[in-house]
Amino acid sequence: MPPSVSRSVTGRATRLVALLATSLAAGAAFVAAADSRSLAAPFSNAYPADGDTGLRAPARYFLRRAWVQLTRNMAATPLPATVALDIGGMAAQPFTVAWIGHASLLVRAGDVWIMTDPMLSEYATPVPPFGPKRLTPLPIDPDDLPHIDFVLISHDHYDHLDLPTLRRLARQPGGPPRFLAGRGLSSWFQREVGIASEDFDWWQSTRAGALGLTFVPAQHSSGRGIVQKNHTLWGGWIIEHDGQRLYFAGDTAFSAHMFRDIRDRAGPIDVAALPIGAYRPREWMRFEHLDPGEAVQAHVELGARRSLAMHWATFQLGDEEPITPSHDLAAALQVRGVGGFDVVSVGGTLTVAPAGHPETLTDAGSARSSRDPRRPCAGAALPFPRTAGC
C-alpha cells in the first residue's frame, strides 16, 4: 500500500476510534443521570419535577457531541474573551468573586481564598484526551493562584469534580485547602486525593471567623459511572462574609420553590452565580440544567441584587453553540425588562458589596460600577458585541 494511502486509512481509523472514545468519555459526566431511578440510590431531588421519568441522553447525543468537537473550526468559533485575572485587585477588596471558567469561581472573602468546583484541566473526562475539551483558556497560570483555603464542591460529575486539579491543590505550598462537599464524597476524596472531604447535608453550615458556608439544594444528580447513580449528594453553596452573601448554584435545573426557599432560609442574596449553558436538547436537559430564560427567572425568584453568568463556553456540553447562552440571556433580559445580570469575560471580577453600595465589575482590565438594575439589559455586560436590542 502506498504511504499516502496508508496514512489516509490510518487517519480515518484513528478518527473513528477517537470519535467512539470521545463519545463514551463525553457521556461520563451525564451517564449517571441516565436513569435517576437507580435502585438503592440514597439521594433524590428535594423538589421533584413534573414529567421527569429519569431518562436522559440517548447514545446519538454523545455521538453528535463527539463529531462536533472533532470537526469544529476553532478559528471560526465565537467565544467570550479571556482577560488576565487580577489577583492583586481581588486581594484589595473585602469580598469579591472572579469567573475563571465553567463553574470555577475564585472568591476572596476577607483574608480567605475560596474556589468552587475547581477545574484547571484541558479535558473534562476520566480518559483525556478523549471527552469535552476546553474551549477558552484559563485567565491565570495555576502556579500563580494564591493559597486556596477552602474548596467547595457542588457534585461529582467530571466537569465539576476534576481529580488532577484537586490533587494539585492538595499539594499546594503552605498545605492543602479544606475540601467541602455533599454527603458521600469523603471516602472518594480520601482514596483519590489523599485527604477526606468534610461532607455536608443540605442546609448544613460551618463557620470560620466572619466566614459562613452553607450547602443548599440543587435540582440535579450525581455519579461518575454507569453504576451507583445518585449515591453522593449534590447542591450549591452560600458564602457569607460580614453579612453579605454570594450564592453559587453549581449545576441545577429550575425550581421556583427551591430558589424561593434558598432566598427565605439563607437571607438576602447580594450576588448569585448562576449557570446558563448546556441546556439543549431541552426535552431532557431541562431536568438537569437551567436555560438562560430560566436563569433570569431564578435571578428574580432569589431576589438577587446582582447575578453572574457561569457554566458556559468553557466546555461544550449541550447542543447550543458555545456563545449562544450569552445571546439567549441578553434576549431574555430584554424581554423580561430585568437587569442586574452580568456576563463577563473569563477572568472578570465582581465585588460583593453591602446593600446600598454599588458593586464594581472589572472586565478586560477596566472597572465600572454596576448600572441601574431597573433599566432593561443594564446588567447584561457582554465582553463582545451585544445582540440586537440589548
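The values are calculated or read from the model by the stated rules, or taken from the named source; none is laboratory data. This structure is a prediction, so every number in the text was calculated from the model and none was measured. Using ideal geometry, Cβ is built from the backbone for each residue, glycine included, and neighbour counts are taken over all protein chains shown. These area figures cover heavy atoms from the full protein model, side chains too; ligands, DNA and RNA do not enter into them. Shrake-Rupley method; radii C 1.70, N 1.55, O 1.52, S 1.80 Å.
Here is how the numbers come out for the structure above:
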| quantity | calculated |
| --- | --- |
| Pairs where the first residue, in the stretch 151-169, is open to solvent by 10 Å² or more (accessible area, probe 1.4 Å) and among the acidic types (Asp, Glu) and the second is assigned to a strand (DSSP E or B) and at pLDDT 95 or above, C-beta under 7 Å, 6+ apart | none |
| Meets criteria (more than 20 Å from PHE62 (Cβ to Cβ) and in a loop (DSSP other than H, G, I, E, B)) for VAL296 | no |
| Scope the stretch 246-260; condition open to solvent by 40 Å² or more (accessible area, probe 1.4 Å) and not in a loop (DSSP other than H, G, I, E, B); matching residues | HIS257, ARG260 |
| Search result, residues across the stretch 261-275 that are in a helix (DSSP H, G or I) and not charged (D, E, K, R) | ILE262, ALA266 |
| Test: LEU350 is at pLDDT 95 or above and part of a strand (DSSP E or B) | yes |
| Within the stretch 197-211, considering residues that are assigned to a strand (DSSP E or B) and closer than 24 Å to ALA298 by Cα, the one least open to solvent (accessible area, probe 1.4 Å) | PHE200 |
| Residue ID - farthest from GLY250 (Cα to Cα), chosen from residues in the stretch 325-355 that are in contact with a helix residue (DSSP H, G or I) (Cβ under 6 Å, 6 or more places away or on another chain) and open to solvent by 40 Å² or more (accessible area, probe 1.4 Å) | ARG336 |
| Enumeration of residues in the stretch 133-159 that are touching a Pro at 6+ places or on another chain (Cβ under 9 Å) and either of a type in the set (Phe, Trp, Tyr) or under 20 Å from PHE62 (Cβ atoms) (or both) | LEU135, PHE150, TYR158, ASP159 |
| Residue in the stretch 212-230 that is farther than 22 Å from ALA109 by Cβ, aliphatic (A, V, I, L, M) and open to solvent by 10 Å² or more (accessible area, probe 1.4 Å) present | yes |
| Test: residue in the stretch 279-289 that is among the aromatic types (Phe, Trp, Tyr), in a helix (DSSP H, G or I) and under 30 Å from ALA76 (Cα atoms) | yes |
| The stretch 287-312 - residue that is closer than 30 Å to LEU70 by Cβ and out of contact with any helix residue (DSSP H, G or I) (no Cβ under 8 Å at 6 or more places or on another chain) and, of those, surrounded by the most Cβ atoms within 10 Å (Cβ to Cβ) | HIS311 |
| Hey, ILE153 at pLDDT 95 or above, over 16 Å from PRO42 (Cα atoms) and within 19 Å of the chain's Cα centre (by Cα) or not | yes |
| Selection within the stretch 170-196 - touching a helix residue (DSSP H, G or I) at 6+ places or on another chain (Cβ under 9 Å), of a type outside the set (Val, Ile, Thr) and either under 22 Å from GLY225 (Cβ atoms) or open to solvent by 50 Å² or more (accessible area, probe 1.4 Å) (or both) | PRO176, PHE179, ALA181, PHE189, GLU192, GLY194, ALA196 |
| Of the criteria (1) at pLDDT below 95; (2) open to solvent by less than 30 Å² (accessible area, probe 1.4 Å); (3) not small (Gly, Ala, Ser), which one PRO358 fails | (2) |
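Yes or no, residue by residue, for (1) modelled with pLDDT of 95 or more; (2) surrounded by 21 or more Cβ atoms within 10 Å (Cβ to Cβ); (3) not aliphatic (A, V, I, L, M):
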residue	(1), (2), (3)
THR314	yes, yes, yes
ILE323	yes, no, no
ASP363	no, yes, yes
ALA388	no, no, no
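A quick yes/no check of all residues on (1) within 19 Å of VAL112 (Cα to Cα); (2) touching a Leu at 6+ places or on another chain (Cβ under 7 Å):
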position	(1), (2)
VAL127	no, no
PHE130	no, no
LYS133	no, no
THR136	no, yes
ASP143	yes, no
ILE148	yes, yes
LEU152	yes, yes
HIS160	no, no
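Conditions (1) touching a residue at least 24 places away in the same chain (Cβ under 8 Å); (2) open to solvent by less than 10 Å² (accessible area, probe 1.4 Å), marked per residue:
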{"site": "THR77", "(1), (2)": "yes, no"}
{"site": "LEU85", "(1), (2)": "yes, no"}
{"site": "LEU105", "(1), (2)": "yes, yes"}
{"site": "ASP111", "(1), (2)": "no, no"}
